[in-house]
Amino acid sequence: MKIMLVEDNEAIIMGLEYLLSQEGYQVVTARNIAEAGAVLAGEECALVLLDIGLPDGDGFELCRKIKRQGQTPVIFLTAKEEETDVVKGLDMGADDYIIKPFRNRELISRIRGVLRRSGKGNPTLRCKDVSLNTETGRVTRCGEEIPLTKLEYRILSAMMSCPGKLFTRDEILSDIWDISGNFVNDNTLSVTIKRLREKLGDNECRFIKTVRGMGYRVEQ
Ligand code: CA
């Protein structure tokens, strides 16, 4: 997945190119508005990280242009911390506004959030040593493929999409379970989770945690 970075500070460019590539993103860097325009004309970017103070203009103008042309998500990444700038950026359709200096993990998390909301999320969900690819439907643990039933897969992918979130038993039964024509009760759910844990080698319930009397959650 390709991210365009529009930034004129070399130190930030170096840091972000490293950080983003470590996270599996491809980075195209534009150092001014003209370069950014050229990139956008020729390449499909999943997201634009946009500085405001640029040598040949301001990022607001570029954001406006991007938003007029399509749905590409834009995150402002800028030292401009005035509330009026934040409001201006968000009002013109930016998907997020992050003030420098930023924290790396937070930036990555916000990028993921914006991509998820725009339907461009990374197809690979990863929690601990388990990976799930939502495009291929493959689930692996430590690189080894784990065959799951359709139902086990649906439960696991829902939980891995929101690591740390509590999924109540009711929620799983009503939202995830295909109840059409099948009689499903609480016990069936417990049995399914138990089988899923066995397949994942999660015998000590460290991956899928039980929240007593409530439901389950996957640990990040
Ligand atoms: Ca700048």
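Table for the structure above
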read-out: Scope the range 136-173; condition surrounded by fewer than 18 Cβ atoms within 10 Å (Cβ to Cβ), hydroxyl-bearing (Ser, Thr, Tyr) and without any contact (Cβ under 8 Å) to a residue 24 or more places away in the chain; matching residues; value: THR136, THR140, THR149
read-out: Residue list for the range 63-84, restricted to those being within 16 Å of the ligand (Cβ to nearest atom), touching a residue at least 24 places away in the same chain (Cβ under 8 Å) and either farther than 21 Å from ILE111 by Cβ or of a type outside the set (Val, Ile, Thr) (or both); value: CYS63, PHE76, LEU77, ALA79, LYS80
read-out: Unique residue being touching a Lys or Arg at 6+ places or on another chain (Cβ under 7 Å) and of a type in the set (Val, Ile, Thr) when the list is VAL48, VAL39, VAL28; value: VAL28
read-out: Unmet requirement for THR78, which otherwise passes all of (1) at pLDDT 95 or above; (2) open to solvent by 30 Å² or more (accessible area, probe 1.4 Å); value: (2)
read-out: Some residue of the range 29-37 being of a type in the set (Lys, Arg) and either closer than 17 Å to TYR97 by Cα or more than 16 Å from the ligand (Cβ to nearest atom) (or both); value: no
read-out: The range 99-115, residues that are touching a residue at least 24 places away in the same chain (Cβ under 8 Å) and among the basic types (Lys, Arg); value: LYS100, ARG110
read-out: Cβ-Cβ under 8 Å pairs, at least 6 apart or on other chains, the range 42-62 side touching a residue at least 24 places away in the same chain (Cβ under 8 Å) and away from the ligand (no atom under 13 Å from the Cβ), far side small (Gly, Ala, Ser) and in a loop (DSSP other than H, G, I, E, B); value: LEU47/SER118
read-out: Qualifying positions in the range 1-28 - within 13 Å of the ligand (Cβ to nearest atom), free of Cβ contacts under 8 Å to residues at least 40 places away in the same chain, open to solvent by 20 Å² or more (accessible area, probe 1.4 Å) and not acidic (Asp, Glu); value: ALA11
read-out: Any hit, the range 50-64, residues being farther than 14 Å from LEU5 by Cα, open to solvent by 10 Å² or more (accessible area, probe 1.4 Å) and in contact with a helix residue (DSSP H, G or I) (Cβ under 6 Å, 6 or more places away or on another chain); value: yes
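Here's the yes/no breakdown for (1) among the polar types (S, T, N, Q); (2) at negative phi; (3) modelled with pLDDT of 85 or more:
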{"position": "GLY113", "(1), (2), (3)": "no, yes, yes"}
{"position": "ASN133", "(1), (2), (3)": "yes, yes, yes"}
{"position": "PRO147", "(1), (2), (3)": "no, yes, yes"}
{"position": "LYS150", "(1), (2), (3)": "no, yes, yes"}
{"position": "ARG154", "(1), (2), (3)": "no, yes, yes"}
{"position": "ASP178", "(1), (2), (3)": "no, yes, no"}
{"position": "VAL211", "(1), (2), (3)": "no, yes, yes"}
{"position": "MET214", "(1), (2), (3)": "no, yes, yes"}
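The values are calculated or read from the model by the stated rules, or taken from the named source; none is laboratory data. These numbers come from a predicted model, not from an experiment. Cβ coordinates were reconstructed from backbone atoms using ideal geometry, including for glycine residues, and neighbour counts include every protein chain displayed. Just the protein is used for accessible areas: all its heavy atoms, side chains included, with ligands, DNA and RNA removed. Shrake-Rupley method; radii C 1.70, N 1.55, O 1.52, S 1.80 Å.
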